[in-house]
Amino acid sequence: MNDIVLSLVLGLIQGLTEFLPISSSAHLLLPSLILGTTDLGLSFDIAVHAGTLVAVIYFFKSEIVNMVNSFVAYEPNLAEYKKLASLLIVATLPIVLAGLLSSEIIEQRIFNTSTIALANLFFALLLLLAFVYTKGNKTIYEITIYGALIIGLVQCFALIPGASRSGTAITAALFIGLNLKDASKFSFMLGIPTILGALVFLLLEIQTVDISYNFLNLIIGFLVSMFIAFFTIKYFLIFIEKIGMVPFVAYRVVLGIVLLLLF
């Protein structure tokens, strides 16, 4: 597989899996396991993460503008957006701290295909429990500071490859009583500071290595991941209440088993 096709495939995978509760790290293993390809390097990782970041910011641009305005304009109708911004900040703090404390462990890359597959299976089943046994009806604006902290703490498990950032956040949001659509929406918005933080770490890391850049690959990865991520968010939020979480859990179980067999 040439680099252009690989850029398309990896951009597609990143765009689809960054926000779906199906683990991006597990899927990014597939091209190398099935086709024997190698990754396109740290600069490509930055490009596709930037693409998904642009997508989620653009999708929630109205909410973001209102949240920013809520801190500079004292308007009563923006109070709920100020609360939402505060909740997102609280929910982001745990993974920032956990990332800083565990950065050396992450850099050692102690996880392999088997552990990623097992993590995928475990957190998929945890998501199933949250979906089946919690029938919450809270909206995104009814989350408490305590609830936001719980979501943030559970999201820290996303530092384990195979856990799924969106999956862990949705699981926690369901456990504290949010309805499925708002649990997903909060998870997606929480992805903005989380992905931004991951980009900062990648940019710091890239300063320490000597790499060459293939700008065509970077542009392809960025654009594909951006467009796919935008439409993934859009249609997931449209259909999630109809399809529920079971199809995603079933898919992750099959994927985990496949990875274990391939390993």
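The values are calculated or read from the model by the stated rules, or taken from the named source; none is laboratory data. Everything numeric in this text was worked out from a predicted model, so none of it was measured. Cβ placement follows ideal geometry from the backbone for every residue including glycine, while neighbour counts extend to all protein chains displayed.
Quick one: which of Ile238, Ile219, Ile160 is over 13 Å from the mean Cα position of the chain (by Cα), under 29 Å from Leu125 (Cβ atoms) and β-branched (Val, Ile, Thr)?
That would be Ile238, the only listed residue that is over 13 Å from the mean Cα position of the chain (by Cα), under 29 Å from Leu125 (Cβ atoms) and β-branched (Val, Ile, Thr).
Of the conditions (1) in contact with a Lys or Arg (Cβ under 7 Å, 6 or more places away or on another chain); (2) buried (at least 16 other Cβ atoms within 10 Å of the Cβ); (3) at pLDDT below 90; (4) over 18 Å from Val48 (Cα atoms), Leu259 fails just one. Which one is it?
Leu259 satisfies all of (1) in contact with a Lys or Arg (Cβ under 7 Å, 6 or more places away or on another chain); (2) buried (at least 16 other Cβ atoms within 10 Å of the Cβ); (3) at pLDDT below 90; (4) over 18 Å from Val48 (Cα atoms) except (1).
Is it true that Ala163 is under 30 Å from Asn137 (Cβ atoms), in a loop (DSSP other than H, G, I, E, B) and either touching a Ser or Thr at 6+ places or on another chain (Cβ under 9 Å) or not small (Gly, Ala, Ser) (or both)?
Against the criterion (under 30 Å from Asn137 (Cβ atoms), in a loop (DSSP other than H, G, I, E, B) and either touching a Ser or Thr at 6+ places or on another chain (Cβ under 9 Å) or not small (Gly, Ala, Ser) (or both)), Ala163 qualifies.
Looking at Lys185, Lys181, which is the one that is crowded, with 20+ Cβ neighbours inside 10 Å and part of a helix (DSSP H, G or I)?
One residue alone meets the criteria, Lys185.
Residues checked against (1) in contact with a Pro (Cβ under 7 Å, 6 or more places away or on another chain); (2) over 24 Å from Lys234 (Cβ atoms); (3) modelled with pLDDT under 75:
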residue: Met1; (1), (2), (3): no, yes, yes
residue: Ile4; (1), (2), (3): no, yes, no
residue: Ser43; (1), (2), (3): no, yes, no
residue: Ile46; (1), (2), (3): no, yes, no
residue: Ala50; (1), (2), (3): no, no, no
residue: Phe59; (1), (2), (3): no, no, no
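Do you know which residues across region 48-65 are crowded, with 18+ Cβ neighbours inside 10 Å and of a type in the set (Gly, Ala, Ser)?
Ala50, Gly51, Ala55, listed by residue number.
Residues Leu153, Leu202: which one is in contact with a His (Cβ under 8 Å, 6 or more places away or on another chain), among the aliphatic types (A, V, I, L, M) and in contact (Cβ under 8 Å) with a residue 12 or more places away in the chain?
The conditions single out Leu202.
Cβ-Cβ under 6 Å, sequence separation 6+ or interchain: first residue in region 210-235 and over 14 Å from Ala50 (Cβ atoms), partner among the aromatic types (Phe, Trp, Tyr) and at pLDDT below 95. Which pairs?
Close Cβ pairs (under 6 Å, with a partner that is among the aromatic types (Phe, Trp, Tyr) and at pLDDT below 95) amount to Thr232/Phe19; Ile233/Phe19.
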